[in-house]
Amino acid sequence: MTTNEVTTPIESEPARETNYLNATTGIMSWLGTLDHKRIGVMYLVSVLMSFFVAGLFAMVIRIELMWPGETIIDQDTYNQMFTLHGAIMVFLVLIPSVPASLGNFVLPIMLGAKDVAFPRLNLFSYYLWVTGAVMAVAAILFGGVDTGWTFYVPYSTTGVDDRGAMDGVFFLTMAVFVLGFSSIFTGLNFIVTIHRLRPPGMTWFKMPLFLWAIYATGILQVMATPVIGITVLLLAVERTVGIGIFDPSLGGDPILFQHFFWFYSHPAVYIMILPPMGIISELISVHSHKHIFGYRFIAFSSVAIAIFSFLVWGHHMFVSSQSPLLNVVFSAITFSVAIPSAVKVFNWLATLYKGSISLNTPMLYALSFIFLFTIAGLTGLPLAVIATDIHLHDTYFVVAHFHYTMMGGALTGMLGGIHHWWPKITGRMYSEVWGRIACGLVFVGFNVTFFTQFVLGSLGMPRRYHDYSGPGWAQETTDLFHSLHFVSTMGSFIMALGFFLTAGYLIHSLFRGRRAPANPWGGRSLEWQCPSPPPVYNFAEPPHVGDCYDFSVLEWDEQEQGYHWRRDLAHDAGEA
Amino acid sequence: MTADPGGSATKSSPIVDPRSRVAAGVLGLRLFLLSLGILFGAVLIGYVVVRLSPALESTFEIPPLPRGLWLSTLFLLCSSGTIHLALTGVRRERPRRLRVGMVATIALGWAFLATQTLCWISWAGPLRSSLAEAQRAFLVTSFYVLTGLHAIHVIGGLVPLTVVTSRAFGDRYTSADHAGVRYCAMYWHFLDVVWLVLFATLMVAA
Ligand code: HEM
Ligand SMILES: [Cu+2]
């Protein structure tokens, strides 16, 4: 791990106290570690590497679509590209992203604890993730997968090689199975940690909102993931033995597969978005130096989202021949899910109102999250209306909608979190100027890429097509789609530039960045009370629990370039 | 190396107080069993949905369920009793009862697996002929999938059961400290309940 190199003092700075990064050295001290901070860092590195790979696939897709006709790849390769892009982004990146990386790092510290409740299980979860990643690579080597990330039957039961083959689909479904258990164990671990390791004085309603989000996510992970687990397992068995549970040619029921798949995958979109929402609650409050508005509303809305999200999966199946009555019911419940999401947005805006907002990188990401997620939620509504969905289903409108939620929402929130906790994790400050520029590039690039796709979709461009010309396509349609696709791809280049820039200055900061103070932003939750980077056991003495959004007890220290407890207050004055 | 301020926490658990460590373990195991329960629930719902589909309605004859399943059920029910015996044994500081209970549970677990295997073999004929007829395959293979899935969990349970038993013979458990026995018992009762629901579903469907 390159992070070890932080231990060698560069320039002539004095060697630092021991912390979790330099307490032990050598590759084995990382691979076998039980320290939640190191496991969090390993997850972060692994998840970002997967993000890079899946991002490359995305660029291949975008370049193919820049011009009508076959541009760089044929249709079979194209099918494999979007399948791998989607499957890796969902199962290897977004599902574990925030909880397993940032959550692992900050959750125990926010609780003033030494570690999560089950450190061994935590490491085991990580290796399950690694196993899943290896199997995903095996899927690519064994012929690839072209079913789409949704594995719909019968695409997935009648593959390129026929049944009985240990081919790409088999390996990728088994990878999803293994990754599912990694996710279950992480969720279980965090729920137990929050139940059993809260410090005296920290009641449920004094927890940072990030922890409420992680808790609600944990419920979804434990209760929804087993369904996808058994579904992909049955699919793999069906492929190899021919049991006939989903495949219509064997007497199975393909709609059943869709029900099972979405019974998990709708809650799964909230597994992806709830933790970033929790991050945003922290960022908005800390960087506007103002008490969070509507604490209880935000906390309960996380739980409400978790519960509601089990009841709406059918909105993915309006055109699947499920009964019209079911359609109406699912449509109605879907609208009610939008309410708790909107409650959060209103409370964030109310927090910003009259706050003293620092427009630094994490805050810029938070604002960008609110903007993009609002568009995402609003465009979910026409998809939830049966009449409009019949037109929009399986078009680029859906693609744009879920990229606004998953990339504009989940990934933007994660980037905000990475920047917010970077000083804590690495002990270094990144370049604020480059941070803002990169955030701007990603924001602009993202909107150019995906807003265009709303237009494409409503004009009727179907998703998962590698070409939009030839017989059956009017010339004007091809020309129109060509210009829109071209703009969209240009946007994705801008976005890619933003990401490379981000990687550049973050890595640079590891070697040349200014040493981070314990509390650079003026945060009040417990992780800002321990040094940056934290020592192995996080706290030498129990930290002071109080209202974690009461910033009046902190003051800026010019010399330290960070915040600390107001000198005129006794340390326990802030405890409510 | 930074000093560990709460030195008594073991390396693998940050929780110092042994009783709350067990409470955490129990909560964790309950959540895991909830998750597994949903997994089994989903597969049973899937089975019932396909079984009720008109395409399968009375067109095909399937052989009656092997009688041996009743014997398996009996073994598994008894093993739930014996593990309970073991648990009350350790709670009341009766090491002999603990050991007998554990050994009996393992024996009954293996007996269960043995009868299941015989049942599977007895259906091998229909299995072979059904694989030729696509529509019929579901009725036969689903029996193997459902019972097989359960059997895998039984095998998975025998591993910790064996470890705990050997520790019981090493006198490692007391009435105050017997988390291992308790976790095993929780898991084993869970397997019992899953089997009863699964068996009942198969009976009704047949
Ligand atoms: C206000 C809340 C939301 C509403 C009302 C909503 C509604 C919908 C509907 C009705 C569809 C189905 C469209 C179709 O296939 O025709 C859909 C698709 C989708 N949504 Fe949302 N959504 C919401 C929030 C989210 C969030 C927060 C995420 C993820 C973080 C998300 C991710 C997705 C994905 C991935 C798909 C498409 C999956 C696929 O077919 O490949 N949605 N949404
Ligand atoms: Cu959905």
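The values are calculated or read from the model by the stated rules, or taken from the named source; none is laboratory data. These numbers come from a predicted model, not from an experiment. Every residue, glycine among them, receives a Cβ derived from its backbone with ideal geometry; neighbour counts consider all protein chains shown. The area values use the complete protein model at the heavy-atom level, side chains included, leaving out ligands, DNA and RNA. Shrake-Rupley method; radii C 1.70, N 1.55, O 1.52, S 1.80 Å.
Structural remarks
- Accessible surface of chain A [probe 1.4 Å, protein heavy atoms]: carbon and sulfur percent: 69 percent
- Cβ-defined net charge surrounding B:Phe199, 13 Å radius [Lys, Arg +1; Asp, Glu -1]: 0
- Peptides ranked, highest mean first, by Cβ atoms within 10 Å: ranges A:281-287, A:523-529, A:443-449: A:281-287, A:523-529, A:443-449
- The alpha carbon gyration tensor of region A:517-561 gives principal lengths a ≥ b ≥ c with a/c of 1.5 or higher and a/b no greater than b/c, which makes the shape oblate.
- Ordered from highest to lowest accessible area with the whole protein assembly present and a 1.4 Å probe, A:Glu560, A:Glu432 read as A:Glu560, A:Glu432.
- About the centre of its Cα atoms, chain A shows a dipole size close to 1180 debye [charges on the beta carbon of Lys, Arg (+1) and Asp, Glu (-1) only; nearest 20 debye].
- Percent of Cα pairs in region A:55-180 per distance bin of 5 Å, from zero to the largest separation: 2, 10, 17, 19, 15, 12, 9, 7, 5, 3, 1, 0.
- Projected-area average for chain A over all orientations - Cα convex hull basis, square nanometres: 26.0 nm²
- The interface between chain A and chain B buries about 3400 Å² of solvent-accessible area in total (1.4 Å probe, ligands and nucleic acids excluded).
- Shielding of A:188-198 by partner chains, average beta-carbon count, 10 Å: 4
- Near A:Met461, the amide H atoms lying under 5 Å from its own belong to A:Tyr396; only residues 5 or more places off or on other chains count, and H is placed 1.01 Å from N.
- The loop-placed trypsin sites (Lys or Arg not before Pro) in region B:76-133, going by DSSP, that have at most 16 neighbouring Cβ atoms within 10 Å of their Cβ come out as B:Arg92.
- 5 angstrom amide H check on A:Leu554, placed H, neighbours 5+ away: A:Arg566
- Loop sites in region A:285-377: trypsin sites (Lys or Arg not before Pro), DSSP, at most 14 other Cβ within 10 Å: A:Lys354
- Taking θ as phi - 60° and the Karplus parameters 6.51, -1.76 and 1.60, the scalar couplings of region A:491-499 work out to x, 5, 5, 4, 4, 4, 4, x, 5 Hz in sequence order, x denoting glycine and proline.
- Under the shape rule built on the C-alpha gyration tensor, where the axes satisfy a ≥ b ≥ c, chain B is prolate, since a/c reaches at least 1.5 and a/b is greater than b/c.
- When only alpha carbons are used to place a centre, region A:373-413 and region B:127-206 end up 43 Å from one another.
- Residue-wise HN-Hα coupling along region B:118-128, computed from phi with Karplus coefficients 6.51, -1.76, 1.60 (Hz; x: Gly, Pro): 4, 4, 4, 5, 5, 9, 4, x, x, 4, 4
- Most mobile listed residue (B:Asp177, B:Asp17, B:Asp192) in chain B, GNM with C-alpha springs under 10 Å: B:Asp17
- Annotation: A:Met110 carries an accessible surface of approximately 0 Å², with a 1.4 Å probe and no ligand, DNA or RNA atoms counted.
- For A:Arg428, the residues whose amide H sits under 5 Å from its own are A:Ala516, ignoring neighbours fewer than 5 places away on the same chain, with H placed 1.01 Å from N.
- Loop chymotrypsin sites (Phe, Trp or Tyr not before Pro), region A:90-194, which have at most 16 other Cβ atoms in a 10 Å radius of their Cβ (DSSP): A:Tyr152
- Whole-Hz ³J(HN,Hα) from phi, Karplus 6.51 cos²θ - 1.76 cosθ + 1.60, for region B:190-202, glycine and proline x: 4, 4, 5, 4, 4, 4, 4, 5, 5, 5, 4, 4, 4
- Pairs of Lys residues in region A:4-565 that lie 8 or more places apart, or on two chains, and have C-alpha atoms under 18 angstrom apart add up to 8.
- Principal-axis analysis of the Cα atoms of chain B puts helix B:68-91 at an angle of about 10° to the longest axis.
- The residue list A:Phe451, A:Thr147, A:Ala268 was ranked by how far each Cα lies along the charge dipole of region A:4-565 toward its positive end, using unit charges on Cβ atoms, and A:Ala268 comes out on top.
- With all protein chains modelled, accessible area of A:Leu381 [1.4 Å, Å²]: 50 Å²
- Test item: Cα-centred dipole of region A:331-437, Lys/Arg +1 and Asp/Glu -1 on Cβ, debye: 480 debye
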